[in-house]
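Report on the following structure.
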Amino acid sequence: MKPHTLSILVENKAGVLSRVTGLFSRRGFNIESLAVGPCEEPDMSRITIVVIGDDAQVEQVMKQLNKLIDVIKVSDLTDSERVERELALIKVTAELGTSRAEIMQIASIFRASIVDVGAKTLILQVIGDTDKIDALEKLLRQYGIKEFVRTGTVGILRGSKTVTSGK
Amino acid sequence: MKTGAKILVESLQREGTEIIFGYPGGVVLPIYDELYDSSLRHILVRHEQAAAHAADGYARASGRVGVCLATSGPGACNLVTGIATAYMDSVPMVALTGQVPTNLLGNDAFQESDITGITMPITKHNYLVKSAGEVSRTVQEAFYIAGTGRPGPVLIDIPKDVSTGLSADVKLPEKVTLRGYNPTYKGHKRQMEKALQLLAQSERPLIYAGGGIIASNASPELMEFAMLASIPVTTTLMGIGCIPCHHPLNLGMLGMHGTEYANFAVTECDLMIAIGARFDDRVTGKIDTFAPHAKIIHIDIDPAEIGKNKRVDVPIVGDVKAVLRDLLSLMKKQGAHEAWRKKIKHWKQHHPLKCPTNGALHPQFIIRTLSDLVKEKAVIVSEVGQNQMWTAQHFCFHNPRTWITSGGLGTMGYGLPAAMGVHFARPDVPVFDIAGDGSIQMNIQEFGTLASNQIPVKVVILNNMYLGMVRQWQELFYDHRYSFTELPPVDFVKIANAYGIEGMRVESPDDVLPALQASLDCNGPFVMDFRIEREENVFPMVPAGAAINEMIGGHPPS
């Protein structure tokens, strides 16, 4: 059992996301994270789903995804050289004159940017893979995280290889 | 300019639709108005579920896409069981539903239900049409998707303002192309060569033939393949009819209520060639002990079926007809597997299906009498439960598409409405619905459809005043505690008569043949109420989760 990152190219039509996610829940798969948005083709969308399962389970879910008429292509990026990123926004308690400097120092180590400064809080924006964001969250917890918002993972293959419709 | 309703009817006819089964209601009024003077035949059922099953029966018997129509909300919801039945058994069907006008969508309007959402997991694909201009293309795509690749039901939801809305004719492509849908029809040559190598090395090969052979009309190729290499054939419930029952290579059905010899052969074979079958739990029993000594070749058009339940040595994705043809062109006449066939012959002789004969009225006897009477000149439909298993075991099927039954979903109430659909596909032969007293009462209102259209379906009710299969499980596995499985006696002949249908009650074996003959002599529908031995069981039986050679109710080891 390990996380698999699936890149799914779909028709950009109403209801497609629910077809895809419905299939996961129906077959007993938990989606770890999900990201969806437009892609290089104007009439398609790309969904990146991280799912945990053994190889046979993931193979089965990919085959089932391929059966959906609105799914154009499914690729498992897991065993390929790839870049994966998430973005997180973290609202941390940081009263003036207390730990602000420390938090800002941590932010700079993680190359996180401060995107909002309030009287009692700071908002950090960080981009990275899952582990990096987990590590930053863990460090900031001692100061008090008031709110934590995180996108799903997006992934792309390194080099000239692509996950496209093959047109 | 034409209305969406007119475009719909024209599009159905363009796809070759001759008949639709349906039930009118508020938001499909524009469509029904268009049907009023159309040449498209419409059969009014008494419940929408029956419309779906009738379309399904028509599709299974003809191989063409069946069509049903219902209104929004409750009408659409009533189709659901029928759509799920078709989905589980890969039956090509287009289900049309009315929907509330687009401006009311999502408003909880009167008779609104999100039928595309509801049917997403039980359709191959579905559509919510948003304008009259989309109707013709959607119908074309729906028929294409339903009828190609692994067939299945497709639903089209049509809001009322789409039916009344206007559009000019839309130019349609000659051929549908969908970038997300490209079924593989031709098998991979290397894989086929590997399969033939395994076959050449095998001493005890066995073909495990499923409904995919019927769906792709591949019986002739299967027969040629089996005979060329002398390979015995066992069929699933859905595969029955792909090889004639009396053929020396035929082992009958395998699995939970399969023949002993088929299940022995599965357990001892050294090569299993699964063709258009999906290793369902009712077939395999305990999966780890299914075909334990065999290498497995799996031919199927749906790649998702390969390796889903059982590890496979040689997968071949493709249309089974095309793959078998290619295999035949690549192979030479093979060894006769004489020792293996001798062993199977011995099993067949010493472990035949039992047909009790003690003077009481036994269902097996009724099925065999019917089989001897009609021979290959009938289509047999069943309900679900003991009636279905007795028929699968004891009726001698000669041809594909002459055995119509709900396999995957196991839908009680399927048989009677499906038989109506079968009649319109095969008006040349009598159609029998083999029912139990439980399942017939699930859609008994369709006696009304039989009567008003004089659809000559012959209904054989094996009446034991129990939900027999559940009672059998309670007897065997729940210490005879018959919890809610006893049904009070019903006078089915009176019910039939009330609808204007002739009927006959039968209580003794001597009256079986005359009753069946009387049903054939009757031009219209006919209902027979056979009062059978109440606690008759279906044997042999593999208890759920046991290995398939661990059967109860069989013969002692020989």
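The values are calculated or read from the model by the stated rules, or taken from the named source; none is laboratory data. Keep in mind that this is a model prediction, so the values were computed, not measured. So basically every Cβ, Gly included, is an ideal-geometry build from the backbone, and we count neighbours across all protein chains shown. What goes into the accessible areas is simple: the full protein's heavy atoms, side chains included, and nothing from ligands, DNA or RNA. Shrake-Rupley method; radii C 1.70, N 1.55, O 1.52, S 1.80 Å.
Ligands, DNA and RNA left out, the 1.4 Å accessible surface of the stretch B:2-167 is 52% carbon and sulfur atoms. The residues of the stretch B:125-260 expose, per residue, 37 Å² of accessible area to a 1.4 Å probe. Remark on chain B: B:CYS68, B:CYS77, B:CYS242, B:CYS269, B:CYS355, B:CYS522 stand apart, with no other cysteine beta carbon under 4.7 Å.
Think of each Lys and Arg Cβ as +1 and each Asp and Glu Cβ as -1; about the Cα centre, that makes the dipole of the stretch B:2-167 roughly 360 debye. The equivalent ellipsoid of the stretch A:83-154 has semi-axes of 21, 11, 10 Å, largest first, where each one is the square root of 5 times an eigenvalue of the Cα gyration tensor.
Of B:PRO427, A:VAL92, A:SER113, which is farthest towards the positive pole of the protein assembly as shown's charge dipole, taken about the Cα centre with +1 and -1 on the beta-carbons of Lys, Arg and Asp, Glu respectively? The one lying farthest along the dipole's positive direction is A:SER113. The residues of the stretch A:50-88 listed by number as losing at least 20 Å² of accessible area in the complex, against the isolated chain and with a 1.4 Å probe, are A:GLN60, A:LYS63, A:LYS67, A:ILE69, A:ILE72. Determine the residues within the stretch A:1-45 where the difference in accessible area between the chain on its own and the full set of protein chains amounts to at least 50 Å²; count protein heavy atoms only and use a 1.4 Å probe. Buried on complex formation: A:ARG19, A:ARG26.
Packing, as the average of other Cβ atoms within 10 Å across residues, places the peptides B:547-555, A:92-100, A:70-78 in the order A:70-78, B:547-555, A:92-100, highest first. Once you have a ≥ b ≥ c as the square roots of the Cα gyration tensor eigenvalues for the stretch A:29-167, tell me rounded if a/c is under 1.5, and otherwise prolate or oblate according to whether a/b is larger than b/c. Because a/c hits 1.5 or more and a/b exceeds b/c, the stretch A:29-167 counts as prolate. Roughly what % of Cα-Cα distances in chain B sit above 41 Å, to the whole percent? More than 41 Å apart: 25 percent of the Cα pairs in chain B. Suppose we compare each residue of the stretch B:98-145 in its chain alone and in the full protein complex with a 1.4 Å probe; which ones drop by at least 40 Å² of accessible area? Those are B:MET120, B:PRO121, B:HIS125, which lose 40 Å² or more relative to the chain on its own. Once the cut-off is 53 Å, how many percent of the Cα-Cα pairs in the protein assembly as shown end up in the long-distance tail? More than 53 Å apart: 19 percent of the Cα pairs in the protein assembly as shown. Amide H contacts under 5 Å for B:HIS42: B:ILE20, restricted to partners 5 or more places along the chain or on a different chain, H placed in the peptide plane at 1.01 Å from N.
Using R0 = 60 Å, the C-beta based FRET efficiency linking B:VAL429 and B:ASP108 works out to 0.80.
Shape of the stretch B:374-468 from the C-alpha gyration tensor: oblate (a/c of 1.5 or more and a/b not above b/c, with a ≥ b ≥ c the square roots of its eigenvalues). Taking 25 Å as the limit for the C-alpha separation, the pairs B:LYS175/B:LYS310; B:LYS124/B:LYS189; A:LYS63/B:LYS124 exceed it in the case of B:LYS175/B:LYS310; B:LYS124/B:LYS189.
Beta-bridge orientation, the protein assembly as shown: approximately 45 percent antiparallel, per DSSP, counting only bridges with both partners inside.
Between the beta carbons of A:LEU87 and A:ALA56, assuming R0 = 51 Å, the FRET efficiency works out to 0.95 to the nearest 0.05.
Only one residue of B:GLN99, B:ALA70, B:GLN13 has its Cα farthest out toward the positive end of the dipole of the stretch B:2-167, where Lys and Arg carry +1 and Asp and Glu -1 on Cβ, and that residue is B:GLN13. Rounded to 0.05, the FRET efficiency of the B:ASP33 and B:LYS494 pair, given R0 = 35 Å and the Cβ-Cβ distance, is 0.35.
Once the chain from B:LEU228 to B:ALA451 is taken as fully extended at 0.36 nm per residue, the excess over their C-alpha distance is 75.4 nm. Here the accessible area is traced with a 1.4 Å probe on the protein chains. For the stretch A:2-80, carbon and sulfur cover 49 percent of it. When the helices of chain A are scored as -39500 (n - 2.57) per DSSP H run of n ≥ 4 and the total is divided over every residue, the value at 222 nm lands at -8000 deg cm²/dmol. Using alpha carbon centroids, what distance separates the stretch A:81-141 and the stretch A:24-74, in Å? Centre-to-centre distance over Cα atoms comes out at 30 Å. Extending 7 Å from the Cα toward the beta-carbon at both B:GLU533 and A:LYS138 defines two label points whose distance is 7.1 nm.
Accessible area per residue for the stretch A:83-167, computed on protein heavy atoms with a 1.4 Å probe, is 61 Å². Within chain B, what percent of beta bridges assigned by DSSP are antiparallel, to the nearest 5? Of those bridges, close to 10 percent are antiparallel.
Solvent exposure of the stretch B:363-531 amounts to 36 Å² per residue of accessible area, where only protein heavy atoms count and the probe is 1.4 Å.
Of the trypsin sites (Lys or Arg not before Pro) found in the stretch B:185-225, the ones in coil according to DSSP and having at most 15 other Cβ atoms within 10 Å of their Cβ are B:LYS186.
Residues whose amide H falls under 5 Å from that of B:GLY66, counting only those 5 or more places apart or on a different chain, are B:ALA59, B:MET93, B:VAL94, with hydrogens built in the peptide plane. Phi angles across the stretch B:261-267 convert, under the Karplus curve 6.51 cos²θ - 1.76 cosθ + 1.60 with θ = phi - 60°, into 3J(HN,Hα) values of 5, 5, 5, 5, 4, 4, 6 Hz, Gly and Pro given as x.
Taken across both chains, chains B and A shield about 1400 Å² of accessible surface from a 1.4 Å probe. Here is the P(r) of the stretch B:363-531: all C-alpha pair distances, binned every 10 Å from 0, give 11, 42, 36, 9, 1 in whole percents.
In terms of its C-alpha gyration tensor, the stretch A:2-80 comes out prolate, because a/c is 1.5 or above and the ratio a/b outweighs b/c. For the protein assembly as shown, the dipole from Cβ point charges (+1 on Lys and Arg, -1 on Asp and Glu) about the Cα centre works out to 1760 debye, to the nearest 20. Using a probe radius of 1.4 angstrom, the carbon and sulfur fraction of the accessible surface of the stretch B:363-531 is 53%.
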